[in-house]
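Heads up: the structure comes next, in C-alpha coordinates.
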Amino acid sequence: MRRYDSCSTASDTSAAAVRVERILQQQPQSAGAHLLLSRIHLAENHRARALEHFRRALELDASASDPAL
(Lines give C-alpha, C1' and ligand atoms only; values in the text may rest on other atoms or scores of the structure.)
Protein backbone atom coordinates (compact mmCIF):
# COMPACT_ATOMS: atom_id res chain seq x y z
CA MET A 1 0.00 0.00 0.00
CA ARG A 2 1.42 3.36 -1.00
CA ARG A 3 1.54 6.09 1.58
CA TYR A 4 -0.68 9.15 1.20
CA ASP A 5 0.65 11.17 4.12
CA SER A 6 0.27 14.60 2.62
CA CYS A 7 -2.56 15.61 0.36
CA SER A 8 -2.61 19.14 -0.96
CA THR A 9 -6.27 19.60 -1.86
CA ALA A 10 -9.68 18.43 -0.74
CA SER A 11 -10.04 16.40 -3.92
CA ASP A 12 -6.70 14.71 -3.15
CA THR A 13 -7.88 13.71 0.30
CA SER A 14 -11.24 12.56 -1.02
CA ALA A 15 -9.56 10.42 -3.67
CA ALA A 16 -7.19 9.00 -1.09
CA ALA A 17 -10.11 8.19 1.23
CA VAL A 18 -11.87 6.31 -1.57
CA ARG A 19 -8.72 4.27 -2.24
CA VAL A 20 -8.24 3.39 1.41
CA GLU A 21 -11.91 2.51 1.84
CA ARG A 22 -11.54 0.09 -1.09
CA ILE A 23 -8.55 -1.47 0.62
CA LEU A 24 -10.58 -1.82 3.82
CA GLN A 25 -13.33 -3.61 1.90
CA GLN A 26 -10.76 -6.23 0.93
CA GLN A 27 -8.73 -6.11 4.15
CA PRO A 28 -10.94 -4.94 7.01
CA GLN A 29 -8.36 -6.07 9.56
CA SER A 30 -5.65 -3.75 8.20
CA ALA A 31 -4.55 -1.53 11.07
CA GLY A 32 -2.39 0.46 8.68
CA ALA A 33 -5.33 1.24 6.41
CA HIS A 34 -7.45 2.34 9.37
CA LEU A 35 -4.59 4.52 10.60
CA LEU A 36 -4.16 6.07 7.17
CA LEU A 37 -7.90 6.71 6.85
CA SER A 38 -7.83 8.40 10.25
CA ARG A 39 -5.13 10.77 8.98
CA ILE A 40 -7.13 11.51 5.84
CA HIS A 41 -10.26 12.28 7.88
CA LEU A 42 -8.21 14.50 10.17
CA ALA A 43 -6.87 16.40 7.13
CA GLU A 44 -10.49 16.89 6.04
CA ASN A 45 -11.31 18.18 9.54
CA HIS A 46 -13.57 15.19 10.28
CA ARG A 47 -12.19 14.57 13.75
CA ALA A 48 -14.89 12.13 14.90
CA ARG A 49 -14.31 9.87 11.89
CA ALA A 50 -10.56 10.20 12.36
CA LEU A 51 -10.84 9.05 15.97
CA GLU A 52 -13.13 6.17 14.98
CA HIS A 53 -10.58 4.77 12.54
CA PHE A 54 -7.68 5.47 14.89
CA ARG A 55 -9.41 3.52 17.66
CA ARG A 56 -10.06 0.66 15.22
CA ALA A 57 -6.38 0.67 14.25
CA LEU A 58 -5.46 0.42 17.94
CA GLU A 59 -7.86 -2.50 18.42
CA LEU A 60 -6.13 -4.31 15.58
CA ASP A 61 -2.59 -3.31 16.50
CA ALA A 62 -1.87 -1.92 19.94
CA SER A 63 1.41 -0.43 18.69
CA ALA A 64 -0.36 1.84 16.16
CA SER A 65 0.22 5.50 16.89
CA ASP A 66 -0.35 8.90 15.39
CA PRO A 67 0.94 11.98 17.16
CA ALA A 68 -1.59 14.16 15.28
CA LEU A 69 -4.43 12.46 17.12
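The values are calculated or read from the model by the stated rules, or taken from the named source; none is laboratory data. Everything numeric in this text was worked out from a predicted model, so none of it was measured. All Cβ positions, even for glycine, are placed from backbone atoms using ideal geometry, and neighbour counts span all protein chains on display. Each accessible area value is taken on the protein alone, full model and side chains, heavy atoms only, with ligands, DNA and RNA left out. Shrake-Rupley method; radii C 1.70, N 1.55, O 1.52, S 1.80 Å.
Top to bottom by accessible area (1.4 Å), largest first, where do 66, 61 land?
Details: 66 15, 61 60 Å².
From most accessible down to least: 61, 66.
Accessible surface of residue 52 in the full protein assembly, 1.4 angstrom probe, to the nearest 10 Å²?
110
With a 1.4 Å probe and all protein chains left in place, how much accessible area per residue does segment 13-66 have, in Å²?
Details: 3150 Å² over 54 residues.
Here the per-residue accessible area is 58 Å².
In nm, to one decimal, how far is the residue 22 label point from the residue 62 one, both placed 7 Å along Cα→Cβ?
For residue 22 paired with residue 62, the spin-label model returns 3.5 nm.
If you take every residue apart from residue 17 with its C-beta less than 11 Å away from the C-beta of residue 17, what net charge results, scoring Lys and Arg +1 and Asp and Glu -1? Walk me through the intermediate numbers first.
Details: positive: 19, 22, 39, 49; negative: 12, 21, 44.
After counting each charged neighbour, the total is +1.
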